[in-house]
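Derivation of every value follows stated rules applied to the coordinates shown; laboratory data play no part. Since the structure is predicted, the reported quantities are computational estimates derived from the model, not experimental observations. Here Cβ is always computed from backbone atoms with ideal geometry, including for glycine, and neighbour counts include all displayed protein chains.
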Amino acid sequence: MPKNPTRIQLLELDIDLRLADLWREAGEIDEWNLDVVAAFMRAAYGKGYCDALTEDAPGSLCHEHGYRVPARKPQPTPDH
């Protein structure tokens, strides 16, 4: 990590720390192929999704790193 990291580098570090278990498991893979890469991509996406759902303050990862918190999509109104 550079002495004065950019905000994207700090975000990458924060995400890497959240994915530490996946990184550790990736280091144990001897033979990479498309199926293994796809499995890790799905696992990382799922981990991020779960982290977002369980944040104490929704959007805090974006906010803490100086990024705009995306607006939530409006919920459809049920038809009666």
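Observations, loosely collected:
- Note on region 1-19: residues that are of a type in the set (A, V, I, L, M), part of a loop (DSSP other than H, G, I, E, B) and surrounded by 10 or more Cβ atoms within 10 Å (Cβ to Cβ) amount to 1.
- When region 26-57 is filtered for residues that are among the charged types (D, E, K, R) and free of Cβ contacts under 8 Å to residues at least 12 places away in the same chain, the ones remaining, listed by number, are E28, D30, E31, D35, R42, E55, D56.
- Residue check for L22: in a helix (DSSP H, G or I) and loosely packed, with under 11 Cβ neighbours inside 10 Å: no
- Qualifying positions in region 40-65 - assigned to a helix (DSSP H, G or I) and either of a type in the set (F, W, Y) or surrounded by fewer than 12 Cβ atoms within 10 Å (Cβ to Cβ) (or both): F40, M41, R42, Y45, G46, Y49, C50, L53, T54
- Flag if I29 is of a type in the set (V, I, T) and more than 16 Å from the chain's Cα centre (by Cα): yes
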